[in-house]
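The block underneath contains the structure these notes are about, expressed in structure tokens.
Only the coordinates and a few stated rules stand behind these numbers; no lab work does. Computed from a prediction, not measured in an experiment: that's the story for all the values here. Cβ coordinates were reconstructed from backbone atoms using ideal geometry, including for glycine residues, and neighbour counts include every protein chain displayed.
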Amino acid sequence: MNQTLVIEPPYSLLMLEDVRGGTPPESLERSMFAATRSCLIVACQAAVDGQTTVEIITEVGDAKPLLHARYETWLESPSLVLALRSAELATYTTIPVDASETHVSIHSDSYENPSYIQIVLQSC
């Protein structure tokens with residue numbers, strides 16, 4: 001089921017990981033993205049800069065073709081539920097997935113300070 005959230009993260013980071021937690025990357029290393037097998041971090045607009053719209057797509061045909069793919073990875077989710085969280089670990093939403101590994105593709109409206117992020121999830 002697709003979801004659209006309008007959020008104001010206190011810090012300019014979002015985490016996508018298994019609902020039971022994952023191992024975050026050590027740093028972003030001056031990048032907008034960083035990932036381990038169990039946690040993806042995405043830089044976004046901080047609350048002081050305005051709202052960030054996050055669209056979570058689980059039906060691939062619904063992805064917006066006008067946005068450019070920015071990052072792709074695989075995430076492990078042994079509980080079959082992913083969670084989108086703030087840097088302070090507040091959960092914005094949970095997303096059921098069909099398999100313990102999910103292909104994640106991130107699209108955005110800007111590489112440096114995105115106010116719109118699309119997360120496309122495909123289970124194997």
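Observations
- Length, then width, then depth: along the principal axes, the Cα atoms of the chain run 36, 32, 23 Å.
- Each peptide among 3-15, 105-117 gets the average number of other Cβ atoms lying within 10 Å of its residues, and from highest to lowest they stand as 105-117, 3-15.
- Put simply, the amide H of residue 108, placed in the peptide plane, has neighbours under 5 Å in 68, 70, 118, leaving out anything fewer than 5 places away on its chain.
- Backbone geometry of the stretch 6-20 corresponds, through the Karplus equation with coefficients 6.51, -1.76 and 1.60 at θ = phi - 60°, to 3J(HN,Hα) couplings of 10, 10, 10, x, x, 10, 8, 9, 10, 10, 10, 7, 4, 4, 7 Hz, x marking Gly and Pro.
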